[in-house]
Structures are given as structure tokens and as C-alpha cells.
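Written below as C-alpha cells is the structure these notes are about.
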Amino acid sequence: MSKALAIGATVGIAALVGVTFAVTSFLKPDDKFAQCRQSQAAGGAIGGPFTLVNEDGVEVTDQDVITSPTLVYFGYTFCPDICPMDNMRNAQAIYELDDRGVEVQPVFITIDPARDTPEVMKEFTENFHERMLGLTGTEEQVAAASQAYKTYYAKQEGDPEYYLVDHSTFTYLMLPEEGFVDFFRREMEPEEMADVLQCFVEAAT
């Protein structure tokens with residue numbers, strides 16, 4: 001599959017997943033985050049326990065990682081453009097929040113653990129934000145985390161070394177006491193994203 005087709009497939013899959021979220025979720029009448037939401041998603045069965053490996057090679061769980069408002073994004077470091085662009089957007093939103101005195105933790109979980117070792121993840125995340133945490137693990141650990149977050153990924157056939165991976169492209173906002181509260185589509189601009197994130201953080205306190 002060509003690079004253009006790969007990108008198209010990724011975006012198409014993301015749009016399909018987004019429609020599924022919108023149709024299957026609902027707004028609770030007592031939702032304290034209602035004024036913050038940009039979509040029909042209202043929290044629910046997204047996210048959950050995981051065990052992965054951090055950039056220092058240490059095994060960590062979701063309880064170790066999600067200790068403050070956290071953005072979670074699934075991708076891979078060999079991704080030609082979507083993952084770098086999305087991680088940069090997330091980082092820019094968080095830098096904006098840093099300037100406002102609002103702290104959000106960015107997390108990048110690989111869906112390509114065969115190539116994305118802890119060392120590779122550390123080198124990659126350092127390019128975006130000093131607090132961005134890269135997580136990898138075994139194939140089984142990554143698959144379990146992806147399943148918990150209802151994400152999609154599939155390795156393309158072809159070159160065994162320079163292969164691409166189709167994957168969904170949402171960024172998830174997780175709060176320690178609330179779990180999943182909303183997701184962000186990749187077309188949202190950094191400043192708008194920062195405004196929404198600030199709304200959620202302040203509503204949670």
C-alpha cells in the first residue's frame with residue numbers, strides 16, 4: 001500500500017471509530033463536564049488497567065501513569081507524518097496550558113513495540129515536550145492497552161523492516177478520579193484544545 005493510501009486508510013478508520021463513539025455514547029443530565037465537551041462522548045468504557053514499560057525500561061501500570069489530567073495518544077515512531085503532527089499538536093496545547101498554570105501530562109503509547117524500544121520512545125518524545133511519557137511493552141501488553149482504549153491498529157504487509165501501521169488517531173483525556181472524559185479529533189487546533197482541556201481540569205477540581 002502506498003503512503004497516501006496508508007494515510008487515507010488511517011484517517012478513514014479514525015472517522016469510522018469517531019462515528020461509533022458519537023452514536024454509542026450519551027450525555028448524563030448531571031454531567032459536570034457538559035460545558036466542556038466538544039462531542040457527544042460522555043465518558044464510559046474507554047480506558048482501564050494496563051501494564052506497559054516506560055522510557056527507563058521499568059514496568060508501570062495505569063495507576064502509575066494517570067496520576068493527574070492526562071492526554072493519551074496511540075501511534076508509533078516510524079509513522080511518516082500523522083503521529084508527529086498529532087504529538088506536536090498535543091505538545092503545543094500543553095505548552096499553552098503550562099503558560100496558564102494548568103498542568104496536563106502527555107502520554108504516547110506505541111502500537112509498534114517491535115521497533116519502539118524504551119530508548120527509541122525516549123528519543124522520540126523528547127522532541128515534543130519534556131514531560132511527554134513514552135510507553136511500550138510486549139506485543140501482548142500493547143494489544144491489551146489498545147483494547148482497553150478501543151483503538152485500532154494493523155501492521156501493513158510488505159517490507160519487514162520499513163513497514164507502516166494503520167491506526168486510529170484520537171487523543172483521549174483521562175482524569176484520575178473520573179477515567180475517560182472526552183476525546184479530541186486530530187483537526188482541532190492547539191489553542192482550542194488548550195481551552196477545552198483547561199475547562200475539564202477546572203471543572204474536575
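Would you mind getting the accessible area per residue of segment 26-173, heavy atoms of the protein chains only, 1.4 Å probe, in Å²?
Accessible area per residue, segment 26-173: 46 Å².
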Apply the Karplus parameterisation 6.51 cos²θ - 1.76 cosθ + 1.60, with θ equal to phi minus 60°, to every residue of segment 148-162 and state each ³J(HN,Hα) to the nearest whole Hz, in sequence, with x for glycine and proline. 4, 9, 6, 9, 10, 7, 8, 6, 7, 6, x, 4, x, 9, 10
Percent carbon-and-sulfur accessible area, segment 133-185, ignoring ligands, DNA and RNA, probe 1.4 Å: 50
Sorted peptide list for 158-171, 83-96, criterion being average Cβ within 10 angstrom, highest first: 83-96, 158-171
Any idea of Phe50's accessible area? Nearest 10 Å², probe 1.4 Å. 10
Output the peptides 138-145, 193-200 sorted from most to least packed, where packing is the average of other Cβ atoms within 10 Å over each peptide's residues. 193-200, 138-145
When we measure straight from the Cα of Lys155, which aspartates and glutamates land under 20 angstrom away, once same-chain ones fewer than 8 places off are left out? Asp81, Asp86, Asp112, Asp116, Glu139, Glu140, Asp166
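The values are calculated or read from the model by the stated rules, or taken from the named source; none is laboratory data. All figures in this text were calculated on a predicted structure; none of them were measured in a lab. For neighbour counting, all protein chains shown are included, and Cβ atoms are generated from backbone atoms with ideal geometry for every residue, glycine included. The accessibility values were calculated without ligands, DNA or RNA, using every heavy atom of the protein model including side chains. Shrake-Rupley method; radii C 1.70, N 1.55, O 1.52, S 1.80 Å.
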